[in-house]
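**Student:** Handing you a structure now.
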Amino acid sequence: MAFFERLVDAFYEGVATDEVLLPLYPEQPDLVGARHRLTLFLAQFWGGPTTYMEERGHPRLRMRHFPFHVGPLERDRWLLHMSAAVEGVCDDPIVPAGIADELMAYFVPAAEHLRNDTGLPISSAKPGSA
């Protein structure tokens, strides 16, 4: 769990000053709840405790993010902060090789999947394109 706490803390350091993403958080500038939820989700997703499911039920990521506009700009800003967090946390020599690649292999398509600006169930655009 400590790894995901460090990752999420690093991610939200970027979000806290991001003029595109921060307004999407209803509790902002307080990001404590968002940090907690993302930490639990990531820990559960990668085989950790099921606390997220116990507290919130099924993740239903698209449904939970639907009230917030997520287009190419929001996706790219999210990926900017998450990739910086992954790089920073995985730079630690105690983190096994390949973890950063595995994380980003999940985060890139997940960020695209959360787009809700196309009118389609899932966008076909590639990250980095409009």
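**Student:** Give region 22-53 a look and list any residue that's touching a Gly at 6+ places or on another chain (Cβ under 9 Å) and closer than 22 Å to Ala100 by Cβ, or say none.
**Tutor:** Listed by number, the residues that qualify are Leu40, Leu42.
**Student:** Of the conditions (1) assigned to a loop (DSSP other than H, G, I, E, B); (2) within 14 Å of the chain's Cα centre (by Cα); (3) under 21 Å from Glu19 (Cβ atoms), His69 satisfies every one except a single condition; which number is it?
**Tutor:** His69 satisfies all of (1) assigned to a loop (DSSP other than H, G, I, E, B); (2) within 14 Å of the chain's Cα centre (by Cα); (3) under 21 Å from Glu19 (Cβ atoms) except (2).
**Student:** Out of Arg60, Arg75, report the one residue that is at positive phi and either of a type in the set (Phe, Trp, Tyr) or within 15 Å of the chain's Cα centre (by Cα) (or both).
**Tutor:** Arg60
**Student:** Still on this model: Taking the condition in contact with a Phe, Trp or Tyr (Cβ under 8 Å, 6 or more places away or on another chain) and surrounded by 15 or more Cβ atoms within 10 Å (Cβ to Cβ), does Leu79 pass? Give the derivation first.
**Tutor:** Details: in contact with a Phe, Trp or Tyr (Cβ under 8 Å, 6 or more places away or on another chain): yes; surrounded by 15 or more Cβ atoms within 10 Å (Cβ to Cβ): yes.
Yes; evaluated as a whole, the condition is true for this residue.
Rule-based calculations on the coordinates, nothing more; no lab input. In this text, all values refer to a predicted model and were calculated from it rather than measured experimentally. No Cβ is skipped: glycine too gets one built from the backbone with ideal geometry, and neighbour counts run over all protein chains shown.
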